[in-house]
Each structure stands twice: as structure tokens, then as C-alpha cells.
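Below is one structure, written out as C-alpha cells, with a few remarks after it.
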Amino acid sequence: MVWLTASAAATLGPSTDLAAASARTTSFNWVEQHPARSPSARDSYAFAYDAATKQLLLLAGENANGNAFDDTWLWAGKTWRKAVPKVGPPATLGAAIAYDTATKQLIMFGGQSTSGKIQAATWEWTGTTWKKLSSKTSPPALSYAACAYDAKSKQLIVFGGYNSSFNGSDQTWEWTGTTWKKLSPKTSPPALAESSMAYDPNVGSVLLFGGLAGNPFGPSSQTWTWSGANWTHQSPKTSPPSRIAAAMTFDNSTKQLLLFGGAGPTGTDGGGVGILTLSDTWTWSGSTWSELKPKDHPAGRAATSVAFDGSTDQLLLFGGASSKLGTDFSDTWLWEPQSSS
């Protein structure tokens, strides 16, 4: 099995309200939700907020038996609703997805089928259905590539991923709105797949962490930033342990870039050989990482994702793979501030 590496739920008003709320807050916590309806247990799904249609989408992924899904789900604030698009991507896992603010497009690229075939198709969500796009140039077929929109340089970036030979890639690609453009940065991360990537508006750069490296082979603990033209290797004083398939995004309500979970080196879970899943939560300050210690949190998992819902001001986490092979989660969690009393 290979995996992909993707708020305060209290409604806050203007920045003055946020400041007041922050002053009353002593900690943040993961709070499990109990929606009336939910996607089935899965990992390696695509998860992103479409600002144009104000929809938080969850697409496809795979179950614990390795069978890929082709369904699309929307978060309605308290429960999940299954969409019924007329057209959709085939059953896919490990696809890259991000919203392009400049072009107002929710773009999904690549992924792989249940049979293991790596894809190179580009899809756009219209609000009601999926539309397959044609472009003059395209990245090679990739799965488990990292993807994020760089608001400062107005670029939707795809980096790394597994190619058709299941080797990691070190290529950086930009979506222009109609086609893909291969970029040629002077410095670049090593070939990686299953990395975590998100834009941090606090510092105005895209952050990339971890992933599966080839030399030496194994999970990475490297932190890189994208400037719009070049990658820079960061040397933070404190860093999360090495991992792949962690969830990472920026929480626009709490103004935190958060990283959760992932998988470390192979280990045992007490019930047999499996993966060493992680349940820690970290935040990036712009120069170093700090581990947060929420009272409650989801169980350790990998190939999960987090996304911020701009219409409800919620940071949401769903599902993922557990440490026991053949077991996935179907739970929904919110990241919320806990007010002092």
C-alpha cells in the first residue's frame, strides 16, 4: 500500500473578534463529530475547499482492502452529503488537489487506479460535476504528489509523487489555468512522494514537509519552502520526526499552519506487523516547528487529510489508515479552540 500525503469551529467575526477569542483561549483541541451521514472508511482521498462554490469536497480514495472509490462528498457543516455528479474521475487514490484562487478552479491531478496504474489526467470541479481538462503539456503520470496554491506568487504547484515506475519524482509543475508548465528551480528537494504541502500566509510561502525519500530510502524529516521560483531547505531548531502521508493545511481561523499524524518507520501495533502511525499535532512558526499537546486527538493514522472550510470556519479531518493493516477510519474531527473559564 502506498499513501497520499492532505479550525476553530467556533464562528469568529472580524479580526477584532479573533483577537478577543484568542485572549480567552488557553489551548486548542481535536473534537470528534458524530454526523448523521458519512463517507465510508477510507484513506488516500482527495480533500479541498472550493472557494468559488463554497464547498468542501472529499473525493475517492481507497478502502483497507485496496479498492479505490469514485464518489464525491460535500461537508455541510454538521454532516456529510453525497454529491451526484454527471461525470467524474474513475476510481482513484492518491490524487493531488488544490484550489487555484487566480483562476477560480478546483484542480485535481493524477492518482492511481485499484490496479495500480498511475494517472496523468487533469480534472476540474464545476460545482455540480467533474470536467476532464485537456492541456498542451502535462506532468508525467503521478500519484501521491504534493499540491498547494501559492497565494503570493499566484501559482498552483505540484511537486514530487510516484511516477509510472513507482519511483519518487523531484519535478515541480505549475498550473497556468489552461495547461501545465514545468519549472526549473536552481535548488529542489530530493525525489519524494507522500509529502505534505500547504501555503502559509503568515510568512507568504509554500511549506513542504517529509515524504518518502529514495537516498537514503525511508521517511524524511526535511522542511522546504517555495519562494515562487526556487526551493529553500530550512533548518528548524525543532522538527517533527520523519514521516510520510501526514495531513497538513493552514487554519484561517486560528492562523496556524498545522500538521497531524502520518506514518513513521515500519513497526508493530501489538496485533501483528503493521505501520507505525502517528497522532501528534505540530504547528510551523515560519522558522521552526512546535508540538501542540491537545487533550484529545484522533487515533494515530496516515493517508488522512485536513482542510479548512471557508464557509463554516472549520478545520476538518476525516478518516485515514490505522496501524493495523486492513483497517481504515471513517471518523470526522474538528480542530477547535478551548476557552478558559
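The values are calculated or read from the model by the stated rules, or taken from the named source; none is laboratory data. What you are looking at is a predicted structure, and each value in this text was computed from that prediction instead of being measured. Virtual Cβ from ideal backbone geometry, glycine too; neighbours counted across all protein chains shown.
Being buried (at least 16 other Cβ atoms within 10 Å of the Cβ) and over 24 Å from ALA191 (Cα atoms) is the filter here; which residues of region 86-98 pass it? Walk me through how you get there before you give the answer.
Step one: filter region 86-98 for residues buried (at least 16 other Cβ atoms within 10 Å of the Cβ), giving 88-89, 91-98.
Correct list: GLY88, PRO89, ALA91.
Test of understanding: among THR53, THR126, THR79, THR103, which residue is polar (S, T, N, Q) and within 30 Å of GLY326 (Cβ to Cβ)?
From the options THR53, THR126, THR79, THR103, the qualifying one is THR79.
Of all residues in region 127-142, how many are among the hydrophobic types (A, V, I, L, M, F, W, C) and assigned to a loop (DSSP other than H, G, I, E, B)? Quick ask: steps written out before the conclusion?
First, pick out the residues of region 127-142 that are among the hydrophobic types (A, V, I, L, M, F, W, C): 130, 133, 141-142.
Next, only the ones that are assigned to a loop (DSSP other than H, G, I, E, B) stay: 141-142.
Qualifying residue count for the region: 2.
If a residue counts only when it is within 12 Å of LEU59 (Cβ to Cβ) and out of contact with any helix residue (DSSP H, G or I) (no Cβ under 8 Å at 6 or more places or on another chain), which strands (runs of 3 or more DSSP E) contained entirely in region 75-122 have at least 2 such residues? Please lay out each step first, then the result.
Working: elements: 80-82, 96-100, 105-109.
Per the criteria, 96-100, 105-109.
Would you point out the residue of region 184-224, among those that are in contact with a Phe, Trp or Tyr (Cβ under 7 Å, 6 or more places away or on another chain) and hydroxyl-bearing (Ser, Thr, Tyr), that is nearest to GLN112 (Cα to Cα)? Talk me through it step by step, then tell me what you get.
Quick first cut of region 184-224, residues in contact with a Phe, Trp or Tyr (Cβ under 7 Å, 6 or more places away or on another chain) only: 185, 187-189, 193-201, 205-208, 223-224.
Filter once more, so that each one left must be hydroxyl-bearing (Ser, Thr, Tyr): 187-188, 195-196, 199, 205, 223.
On the way: THR187: 28, SER188: 25, SER195: 16, SER196: 18, TYR199: 25, SER205: 29, THR223: 26 Å.
Here the residue is SER195.
Going by what's in this entry, would SER169 be described as at pLDDT below 95 and buried (at least 19 other Cβ atoms within 10 Å of the Cβ)?
no
Those residues that are surrounded by 24 or more Cβ atoms within 10 Å (Cβ to Cβ) and under 12 Å from the mean Cα position of the chain (by Cα), I need them from region 251-268; list them, please.
Scanning region 251-268 gives LEU259, PHE260, GLY261, GLY262.
Scan region 181-219 for residues that are farther than 12 Å from PHE159 by Cβ, at pLDDT 95 or above and of a type in the set (S, T, N, Q) and report the count.
4
Go through (1) under 20 Å from GLY262 (Cβ atoms); (2) out of contact with any Leu (no Cβ under 6 Å at 6 or more places or on another chain); (3) crowded, with 16+ Cβ neighbours inside 10 Å for GLY228 and report which single condition fails.
It is condition (1) that GLY228 fails.
Taking region 133-156 only, how many residues are more than 24 Å from SER113 (Cα to Cα) and either modelled with pLDDT under 95 or of a type in the set (Asp, Glu) (or both)?
Number satisfying all stated conditions: 1.
For region 279-341, please list each of the strands (runs of 3 or more DSSP E) lying entirely inside it that holds at least 1 residues being crowded, with 22+ Cβ neighbours inside 10 Å and either of a type in the set (A, V, I, L, M, F, W, C) or on the phi < 0 side of the Ramachandran plot (or both).
Hits in region 279-341: 305-309, 314-321, 328-339.
State the number of residues belonging to region 238-265 that are in contact with a Phe, Trp or Tyr (Cβ under 9 Å, 6 or more places away or on another chain) and in a loop (DSSP other than H, G, I, E, B).
So the count comes out to 8.
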